[in-house]
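Any read-out appearing in this document is the output of simple, stated calculations on the displayed coordinates, not a laboratory observation. Model, not experiment: these values are computed from the prediction. Using ideal geometry, Cβ is built from the backbone for each residue, glycine included, and neighbour counts are taken over all protein chains shown.
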Amino acid sequence: MAERRPSARDAIALVADRFAELPCAMRDYAPDGPLGWQGYDASRARAAERTGEAESVVCGTAEVEGGRAVLIAFEFGFLGGSLGERTGDRLEAAYTYAREHRLPVVPLIATGGSRMQEGMRALTQLQRVARQSVLTREAGLPQIAVLRDPTTGGGWATLGAGADVVLALEGAQVGFAGSRVRPADADPAAYTAEAQLAAGAADAVVPAEGLRPLLGRWLRLLTAPAAAPAGEPAPPPLPLGRTEPPASGWDAVLRARAPGRPRAGHYLDAYFTERVAIRGDRCGGTDDGMLCGFGAHEGRTVAYAAQTGTATRPAGFRTAARLIRLADRLGIPVLTLVDTPGAANDAEAERQGAGAAIAEVFAAVAGARTPLTTLVIGEGGSGGALALAAPGNTWATPDSYFSVIAPELAAAILKRPVTRVAATADQLLIRPQDLERLGVARVRTGEQPFPGTG
């Protein structure tokens, strides 16, 4: 006997401590719906009897680990969780309630797509849902989608992929094309939650038992009241490495490149009491060298985008831009940690749109209304580093440098021998104390040494 697919009520029970269904006035259908599809009324009646639901979604308010939200739970047993006009009525009512009561929206999706028995009237519900999502985004409210099995068609392309944060249950079927409409030779592994995570379309894949605490953390961090006055930037982290200034430009370079110095992960662990990560650029790419997410610092939520010492890929820049735009919309301050020898410059990076991706970050930083803070914790390599730097609020640790170009490349361009690289580094004025004199950055001082770097 096939295992029973979890219902909408099962999904609600999986995440919610309390749930109260929202009333919704739904339209009356003409016999057999807008197309007069023979047998449609009977199909809906059987679905209602089998599931106990009047439509393919159940909407209500919930408490999740102490955080309040509007939940939209799909009932796959009701005609495959398909979207029809009455589904659209419920979804619009739920989004409207969320905006009126300043609540985040959490769709728990399990759908096969639009309801063919209602034809184009059903398909146009996707425009209706997209409009509600945009209005909610403009209201500064977060949307966190949970992808259940299956999440396909227009439900994935609007409620799922259009959310700010996308969490997926392990093993869930996820893709625009459902199993019955894919090419016969399609690789089924491409239509999974895990594949979407690898392609940068989902932020996390989580087992069912881990969903409630993870969703609770997300709600807590994205809806936490500000613990500081609006517009106040996040304080830069204290330096974790050496605290004495470098003696020369080349000394600064060597210290920034030292394998044992503290990296972004150490800084994030020291700065935040809890944090959650976003992953991927929503364009098919990920970059493990760019860590992005939200964390709690001294009772306040701070967004972070942190380079980890590698050459930043286009997907990394696009993920950082996505993070900054989301934080800006939610009024959350941003901390960026700069640590890269520069933007990736290989042929594949060019094919992936390196220049456009870097431009996207520059634009996100320049247009942000929320305050940004930057700490250079290692290498600050040219425009790939500057793209993440906050104008007027950039700090540098004593074991970092920031340069218009790597000293070796500068020497090569000037046709200087290798023996002149160190002198070129001095000439570029790239030490933290040089940057402070130039008005580019301030030296971040403090007494919090990282073990093994003294």
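Treating only the Cβ of Lys, Arg, Asp and Glu as charged (+1, +1, -1, -1), what charge dipole size does the range 284-402 show about its Cα centre? Round to the nearest 20 debye. Taking the Cα centre of the range 284-402 as origin, the dipole is about 520 debye.
All other residues with a Cβ under 13 Å from the Cβ of Asp399 taken together, and with Lys, Arg as +1 and Asp, Glu as -1, what is their net charge? Before the final figure, lay out each step's value.
Numbers: positive: Arg242, Arg255, Arg257, Arg261, Arg263, Arg431, Arg444; negative: Glu244, Asp251, Asp339, Glu379.
After counting each charged neighbour, the total is +3.
For Phe362 and Glu232, FRET efficiency with R0 = 25 Å and r from the beta-carbon atoms, rounded to 0.05? Kindly include the intermediate steps, with their values, before the conclusion.
Values: r = 24 Å, r/R0 = 0.95.
The value I calculate is 0.55.
Here the range 8-222 is treated with +1 on each Lys and Arg Cβ and -1 on each Asp and Glu Cβ, and its dipole about the Cα centre works out to around 340 debye. Once the Cβ-Cβ distance of Glu100 and Ala270 is raised to the sixth power relative to R0 = 30 Å, the FRET efficiency obtained is 0.15. The loop-placed trypsin sites (Lys or Arg not before Pro) in the range 96-137, going by DSSP, that have at most 16 neighbouring Cβ atoms within 10 Å of their Cβ come out as Arg102.
Of the GluC sites (Glu not before Pro) found in the range 3-88, those that fall in a DSSP loop while having at most 15 other beta-carbon atoms within 10 Å are Glu3. Legend: ranking of residues Ser400, Ser43, Ser82 from fewest to most surrounding C-beta atoms inside 10 Å; resulting order Ser43, Ser82, Ser400. Between the alpha-carbon centres of the range 97-114 and the range 336-374 there is a gap of 32 Å. Subtracting the Cα-Cα distance of Val134 and Asp10 from 0.36 nm times their residue separation leaves 41.8 nm of extension gain. Between Ile413 and Ser248, the distance separating the two model label sites (each 7 Å from Cα on the Cα→Cβ line) works out to 2.2 nm. Spatial offset of the range 146-184 relative to the range 17-60 amounts to 22 Å, using the alpha carbon center of each. Take the Cβ atoms of Asp426 and Ala224, set R0 to 45 Å, and the FRET efficiency comes out at 0.45.
Multiplying the residue separation of Ala54 and Glu436 by 0.36 nm and removing their Cα-Cα distance gives an extension gain of 131.0 nm.
Take every DSSP beta bridge whose two residues both sit in the chain; close to 40 percent of them are antiparallel. Sort the range 8-222 into rounded, prolate or oblate with this rule: let a ≥ b ≥ c be the square roots of the eigenvalues of the Cα gyration tensor; rounded if a/c is under 1.5, and if a/c is not under 1.5, prolate when a/b is larger than b/c, oblate otherwise. Verdict is oblate for the range 8-222. Along the axis of the charge dipole computed for the range 5-48 (Cβ charges of +1 for Lys and Arg, -1 for Asp and Glu, origin at the Cα centre), the listed residues Ala45, Pro6, Pro31 are led at the positive end by Pro6.
What size of dipole, in debye to the nearest 20, comes out for the chain about its Cα centre when the only charges are +1 on Lys and Arg C-beta atoms and -1 on Asp and Glu C-beta atoms?
On the way: 47 positive and 49 negative charges, 118 e Å.
The dipole magnitude comes to about 560 debye.
Please give the length that would be gained between Tyr29 and Arg182 if that part of the chain were fully extended, namely 0.36 nm times their separation in residues minus their C-alpha to C-alpha distance (nm, one decimal).
Values: separation 153, 0.36 × 153 = 55.08 nm, distance 3.17 nm.
Working it through step by step, the gained length comes to 51.9 nm.
Among Thr308, Thr319, the order by Cβ neighbours within 10 angstrom, fewest to most, reads Thr308, Thr319. Here the label points at Asp288 and Trp37, each 7 Å from Cα along the C-beta direction, are separated by 4.5 nm in the simple model. Taking the three principal axes of the alpha carbon atoms in the range 249-443, the coordinate ranges are 50, 38, 30 Å, sorted in descending order.
Only Cα pairs under 8 Å and 6+ residues apart enter the sum, and on that basis the relative contact order of the chain stands at 12 percent.
Among Thr397, Thr370, Thr136, Thr151, a tally of other beta-carbon atoms within 10 Å of each Cβ gives an order, fewest to most, of Thr370, Thr136, Thr397, Thr151. Under a 5 Å amide H cut-off, with hydrogens placed 1.01 Å from N, Val206 pairs with Ala168, Leu169, Glu170 among residues at least 5 apart or on other chains. Modelled label positions at Ala189 and Glu63, each set 7 Å beyond Cα in the direction of Cβ, lie 4.5 nm from each other. Under 5 Å from the amide H of Thr336 lie the amide H atoms of Ala305, Thr373, Thr374, Leu375, each residue being 5 or more positions distant or on a separate chain, with H modelled from the backbone and absent for Pro and chain starts.
Using alpha carbons only, how many angstrom separate the centre of the range 377-440 from the centre of the range 268-317? Centre-to-centre distance over Cα atoms comes out at 24 Å.
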